[in-house]
Amino acid sequence: MKRMYLLSLWLLACLVLPMKGQAVSQAELLNPGRYLHVNSSVGSGRGDGKYLDLSSIKAIDAPDGHRRVEATIYVLMPAANLIQGIHLTYDYQLRQSLRHLINAHNQALKQGNKIPYISIWRAKQGNSGITGTVNDGGTYYNDGQIRQQRVYKENLNAMILPADFGDEKYKLPNLLYQKAYGIAYDDET
């Protein structure tokens with residue numbers, strides 16, 4: 001019985017604990033062939049910020065009218081000797097793309113509705129059409145060693161979610177969409 005218990009604990013650790021991304025060092029993140037630095041207004045210019053693992057981007061199945069992209073992002077904080085890896089999924093509602101909202105507005109104008117153009121902006125600000133979900137996370141030292149530190153989902157969410165229109169956090173999901181589908185999300189019809 002004791003062996004079964006130990007075996008089940010070992011299997012649980014092997015199946016649940018590993019993150020889909022790999023441990024990564026600061027030097028690896030600075031490789032532009034594999035990682036894309038996502039410019040940010042809060043970056044100090046010392047290499048900190050978000051890095052997108054280009055090899056992790058993949059389009060996944062989604063219901064009609066939606067598209068989904070999965071990827072791994074690394075948030076580098078060199079002064080704190082900390083790298084946080086975040087595996088996430090973004091869901092995109094195609095009917096909320098800026099192009100779709102503009103087309104719908106133009107149709108309404110042709111039908112005689114006198115809707116002001118600012119309504120497009122307000123509709124986009126009310127619902128960007130992008131929903132993000134953090135699937136997994138891990139923490140590492142700058143040299144790539146695994147750091148035994150708890151990852152709080154709230155902290156991860158604060159770094160990348162929600163993807164509000166006009167907010168800096170809107171840039172990352174749009175970049176992912178363009179890498180996965182070859183067109184900007186807001187250009188989708």
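The values are calculated or read from the model by the stated rules, or taken from the named source; none is laboratory data. In this text the structure is predicted, and so the values were computed from the model without any measurement. Cβ placement follows ideal geometry from the backbone for every residue including glycine, while neighbour counts extend to all protein chains displayed.
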Suppose we filter A79, A13, A62 for residues that are at pLDDT below 95 and within 19 Å of I130 (Cα to Cα); which single one remains? A62
Within the group I73, I120, which residue is part of a helix (DSSP H, G or I), touching a residue at least 12 places away in the same chain (Cβ under 8 Å), under 22 Å from I183 (Cα atoms) and of a type outside the set (G, A, S)? I120
Being assigned to a helix (DSSP H, G or I) and in contact (Cβ under 8 Å) with a residue 40 or more places away in the chain is the filter; apply it to segment 76-98 and report the residue that is farthest from the chain's Cα centre (by Cα). P78
Count - residues of segment 78-129 that are among the hydrophobic types (A, V, I, L, M, F, W, C) and surrounded by fewer than 16 Cβ atoms within 10 Å (Cβ to Cβ): 9
Test each condition in (1) at pLDDT below 90; (2) assigned to a strand (DSSP E or B) for T131 and report the one that comes out false. (1)
Going by what's in this entry, would Y90 be described as within 18 Å of E168 (Cβ to Cβ) and at pLDDT 90 or above? yes
